[in-house]
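Remarks on the structure that follows.
The values are calculated or read from the model by the stated rules, or taken from the named source; none is laboratory data. Values in this document were obtained by computation on a predicted structure and should not be read as measured data. With ideal geometry, Cβ positions are generated from the backbone for all residues, glycine too; neighbour counts draw on all protein chains shown.
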Amino acid sequence: MKFDCEIIQDLLPLYIDDVCSIKSKVVIEEHILECSKCKELLSELGNQAVTQELSIEKNRVIEKHLKKERKRSTMIGLITAAVLMIPLIVCLICNLAVGHALNWFFIVLTSLMVFASITVVPLLVNDKKILWTICSFTISLVALLGTICIYSGGKWFYLAVIPCVAGLVICFAPFLIRYISLPKGVCNHKALITMSVESLAVYSIIAVVGIYSKYPGYWAAAIPITTYCLLVPWGIVLVLRYLPISKMFRASIACLVSSLLLTFVNDVVDWSIGDFNGICLAKADFSNWNTYTNDGNVGWCILVIGVILTLIFAILGCVRLSKREIK
Ligand SMILES: [Zn+2]
């Protein structure tokens, strides 16, 4: 062999890309006829080059389709926005002609903004669609309630807005937290952050209702009942997320904690309204469902179902544990 394998192997990538000189090409081809090791390497490199080429081509096709799709959805979004402008302009002219001022026009404007937030926004936005859609929906809903409140001269703005926004936060916080970049120290505690935000949302609803209702004894009853009810989701989240035992045992404890808390919720209500007669489970009568027996029947149902689920998960946990020990 005229040339060393190392020299030939250095030249092989250039040969595959067809960028080496004719002289080198001849040398490589002559060498390969005699050397099986370099021949094998050439075919391997050739295969790798084909795979790379295919992957580049695949990404190019996907990118092209995505671009086309984005262009199409932007177009549909702009057309929808343009269509929504027609009733808006008609209302603008009518409001000016009839009332010689702009008042109910803003109600139409904000109503269309609510509609556009769930139709136009997802079509026009390419990144973080859900986040942008929910944010724009919330802002336009607040604007709509605000304009209706001003137009009707009502004093209920906060009473309507806070529960609406809090309700949206409670529903969507678990999804939205994924889009928010959190500092390193807390990014592993998304469940805790979500639960804290949702608890604040619940308390804000209780607070705004209390401020508006001015009902005597409201706070003394509402705060303990709300806090006790929040213990159920908090208990489940803390047990499922942080207890250092197997999944089945965690599920078992979560069932036990939540069913026990729910079973005695009536005692907390009684205590909050000053009608506490000690912790006790009301008598059940499953043949008779009325105002006097409903509490006991529901309480016993929750307790029995909770205990059954607790036992099922605990047994499954033990079975898994013993299987693992046998292995
Ligand atoms: Zn060789």
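Quick notes on this structure:
- So Val125, is it among the hydrophobic types (A, V, I, L, M, F, W, C), under 20 Å from Leu144 (Cα atoms) and within 24 Å of the chain's Cα centre (by Cα): no
- Look at region 1-20: where a residue is farther than 16 Å from Asn47 by Cβ and in contact (Cβ under 8 Å) with a residue 24 or more places away in the chain and a partner is assigned to a loop (DSSP other than H, G, I, E, B) and within 16 Å of the ligand (Cβ to nearest atom), sitting 6+ places away or on another chain with Cβ atoms under 7 Å, you get Met1/Cys35; Cys5/Cys35.
- Residue in region 158-171 that is of a type in the set (Phe, Trp, Tyr), in a helix (DSSP H, G or I) and in contact with a Leu (Cβ under 9 Å, 6 or more places away or on another chain) present: no
- Some residue of region 53-69 being under 18 Å from Tyr15 (Cβ atoms) and out of contact with any His (no Cβ under 7 Å at 6 or more places or on another chain): yes
- Between Lys247, Lys184, Lys214, Lys190, the distinction of being under 30 Å from Ile315 (Cβ atoms) and of a type in the set (Lys, Arg) belongs to Lys247 only.
- Out of Trp289, Trp300, Trp271, sole residue that is among the aromatic types (Phe, Trp, Tyr), modelled with pLDDT under 90 and surrounded by 12 or more Cβ atoms within 10 Å (Cβ to Cβ): Trp271
- Considering region 8-42, the residues that are assigned to a helix (DSSP H, G or I), aliphatic (A, V, I, L, M) and surrounded by fewer than 13 Cβ atoms within 10 Å (Cβ to Cβ) include one that is farthest from the ligand (Cβ to nearest atom), namely Ile22.
- On inspection, Thr310 does not qualify as hydroxyl-bearing (Ser, Thr, Tyr) and not in a helix (DSSP H, G or I).
- Contact map, region 71-93: first residue within 19 Å of Val125 (Cβ to Cβ), second residue of a type in the set (Ser, Thr, Tyr), Cβ cut-off under 7 Å, separation 6 or more or different chains; pairs are Thr80/Thr119.
- Once region 43-70 is narrowed to residues that are β-branched (Val, Ile, Thr) and under 30 Å from Val120 (Cα atoms), the residue that is nearest to the ligand (Cβ to nearest atom) is Val61.
- Under the condition of being surrounded by 15 or more Cβ atoms within 10 Å (Cβ to Cβ) and not hydrophobic (A, V, I, L, M, F, W, C), the residues counted in region 184-209 number 6.
- Restricting attention to region 144-165 and to residues that are over 23 Å from Leu200 (Cβ atoms) and surrounded by 16 or more Cβ atoms within 10 Å (Cβ to Cβ), the residue that is nearest to the chain's Cα centre (by Cα) turns out to be Leu144.
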